[in-house]
Amino acid sequence: MRAGSCSCSIAPLSFATVLALSACGAGKSEELILPGGIPARTNLHEASTLPPESVRTVARRDYGWRLIYHPARAPASAGQAAARALCDLESRSVQRIENIPRIDPYADYGAAIIDIYCV
């Protein structure tokens, strides 16, 4: 009789265990998301479609993107292609591209700064 009463108390315990373990499955991701819905783990240098040796910095801004790159190490129209690719990450289109003058042109000689406005 003792064995029978023991099995009755195990059933609720095993149900609780199964329920607790099922809660450990794949749940909501805690992944960091950048403005515009871009996962933080996105390789922005690669996403710019520019050759790796030409990219210096890719930064997300409120208006779109800032890109610092070496035009001499990139194909023709690389800035426009990068602008399209970066705005596409957010499912937006390129509104305009502005060339930003270098404050110190000798800091990274030959590099260009462009601001990419997305809409």
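Structure values in brief
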| quantity | calculated |
| --- | --- |
| Those residues of segment 93-119 which are aliphatic (A, V, I, L, M), assigned to a strand (DSSP E or B) and touching a Lys or Arg at 6+ places or on another chain (Cβ under 7 Å), in sequence order | V94, I113 |
| Considering residues of segment 90-117 that are of a type in the set (D, E) and either at pLDDT 95 or above or surrounded by 14 or more Cβ atoms within 10 Å (Cβ to Cβ) (or both) only, the residue farthest from G37 (Cα to Cα) | D108 |
| Selection count where residues are among the charged types (D, E, K, R) and either in contact with a helix residue (DSSP H, G or I) (Cβ under 6 Å, 6 or more places away or on another chain) or without any contact (Cβ under 8 Å) to a residue 12 or more places away in the chain (or both), scope segment 85-110 | 3 |
| Tally, over segment 82-119, of residues that are touching a Phe, Trp or Tyr at 6+ places or on another chain (Cβ under 6 Å) and hydroxyl-bearing (S, T, Y) | 1 |
| In segment 51-89, the residues that are small (G, A, S), loosely packed, with under 14 Cβ neighbours inside 10 Å and either in a strand (DSSP E or B) or at negative phi (or both) | A59, A72, A76 |
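The values are calculated or read from the model by the stated rules, or taken from the named source; none is laboratory data. Note that the structure is a prediction, hence the values are computed from the model and not measured. No Cβ is skipped: glycine too gets one built from the backbone with ideal geometry, and neighbour counts run over all protein chains shown.
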